[in-house]
1. Could you derive backbone 3J(HN,Hα) for the range 24-41 from the dihedral phi with the Karplus parameters 6.51, -1.76 and 1.60 (θ = phi - 60°), listing whole Hz in sequence and x where the residue is Gly or Pro?
2. For the residue pair HIS72 and ALA95, what label-to-label distance in nm results when each label sits 7 Å from Cα along the Cα-to-beta-carbon direction?
Amino acid sequence: TAYKTVGKTPLPSVGSTMQVVHDYVDEHRNCEDLAMSFVVANLTHRPPVWVRGAGVKDIGGSTGLSSNQKAHYNERSECVHYFASLFGGMPLTTATQKVDHATNFLGFH
């Protein structure tokens, strides 16, 4: 279907804001994590939960897409401004919850 859900809340249809977000992330090859944070925060009006998965490794580092730190952070700032404009404001709030060493999260091993 054209809808996905967060809990019992349907996400907007593919032909709407979600498609614009998807296209932006595809075009810039960056900010998918920020996009999801904006979508979820906009729907739930709740802060994010920080989760560190066991055995998860960041393969970006000094040779990946994020190797030019200044440019990377500038682009991510642009993403935040773009998403805030698109969603009509800043839905992100400060997170105070943390899950450390999550295993078998959503059925993944």
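1. Residue by residue, the range 24-41 yields 4, 5, 4, 5, 8, 6, 6, 6, 4, 5, 5, 4, 5, 4, 5, 4, 5, 5 Hz.
2. 1.7
Every read-out reported here was derived from the displayed coordinates using simple, explicitly stated rules and does not represent laboratory data. This is a predicted model, so every value here is computed, not measured. Heads up, the Cβs are rebuilt from the backbone with ideal geometry, glycines too, and the neighbour counts pull from every protein chain shown.
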